[in-house]
Amino acid sequence: MWLSVGYLARHRAFSRLFRQVRRQLQPTIAAFDALKIKNPMCNALLVDFTDEEGRDYFEVVENSDQFFQVLVGCCPEISEEQLIQHMIETLLRVVRLCPIASEDRARCETLFSAHYKLVTATGKQLRE
């Protein structure tokens, strides 16, 4: 099972920020792809963020290609740290909703939580 994180942006600044943050989260995505999910009910998790909907917007998108796909809203006027937090919280929410075994879900939650701490700590060091 693999993870795809994308965006649908109306605002150019959001698009630039999202690409920057996604690069920071690339190790998290690669680590997820390396996890061996024992009995996946889908082939991939597709998570798309959009600045055309509010932060509370969350829609599971029907998908006939054995993907678990969601569309998530995000405020276009957001800081880098807030976007990282929103993305990790969203990934945790998606994993909790995705039809996988509870032991796999726990491993994914541990991975995302650990990477959130790592990415935010690294970002703070770079800004100082």
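The values are calculated or read from the model by the stated rules, or taken from the named source; none is laboratory data. Fair warning: this is a prediction, and the values are worked out from it, not measured in the lab. Cβ atoms come from the backbone with ideal geometry, glycine included; neighbour counts cover every protein chain shown. Accessible surface areas use protein heavy atoms only, side chains included; no ligands, DNA or RNA. Shrake-Rupley method; radii C 1.70, N 1.55, O 1.52, S 1.80 Å.
Below is a table of values for the structure above.
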| quantity | calculated |
| --- | --- |
| Test for Leu111: is it under 13 Å from the mean Cα position of the chain (by Cα) and among the aliphatic types (A, V, I, L, M) | yes |
| Test: residue in the stretch 116-125 that is open to solvent by less than 30 Å² (accessible area, probe 1.4 Å), of a type in the set (S, T, N, Q) and either touching a Pro at 6+ places or on another chain (Cβ under 7 Å) or farther than 19 Å from Tyr7 by Cα (or both) | yes |
| Condition met for Glu62 (touching a helix residue (DSSP H, G or I) at 6+ places or on another chain (Cβ under 9 Å) and not hydroxyl-bearing (Ser, Thr, Tyr)) | no |
| Subset of the stretch 1-14 (residues that are open to solvent by less than 70 Å² (accessible area, probe 1.4 Å) and part of a helix (DSSP H, G or I)) | Ala13, Phe14 |
| Output for the stretch 97-115, where each listed residue is in a helix (DSSP H, G or I), at pLDDT 85 or above and either charged (D, E, K, R) or open to solvent by less than 60 Å² (accessible area, probe 1.4 Å) (or both) | Glu103, Asp104, Arg105, Ala106, Arg107, Cys108, Glu109, Leu111, Phe112, Ser113, Ala114 |
| Residues of the stretch 68-96 that turn out to be outside any helix (DSSP H, G or I) and either surrounded by 13 or more Cβ atoms within 10 Å (Cβ to Cβ) or touching a Leu at 6+ places or on another chain (Cβ under 9 Å) (or both), as a count | 11 |
| Every residue from the stretch 15-67 that is under 16 Å from Arg105 (Cα atoms), assigned to a helix (DSSP H, G or I) and either free of Cβ contacts under 8 Å to residues at least 40 places away in the same chain or open to solvent by 50 Å² or more (accessible area, probe 1.4 Å) (or both) | Ile29, Asp33, Ala34 |
| Residue within the stretch 71-80 that is in contact with a strand residue (DSSP E or B) (Cβ under 8 Å, 6 or more places away or on another chain) and of a type in the set (S, T, N, Q) present | no |
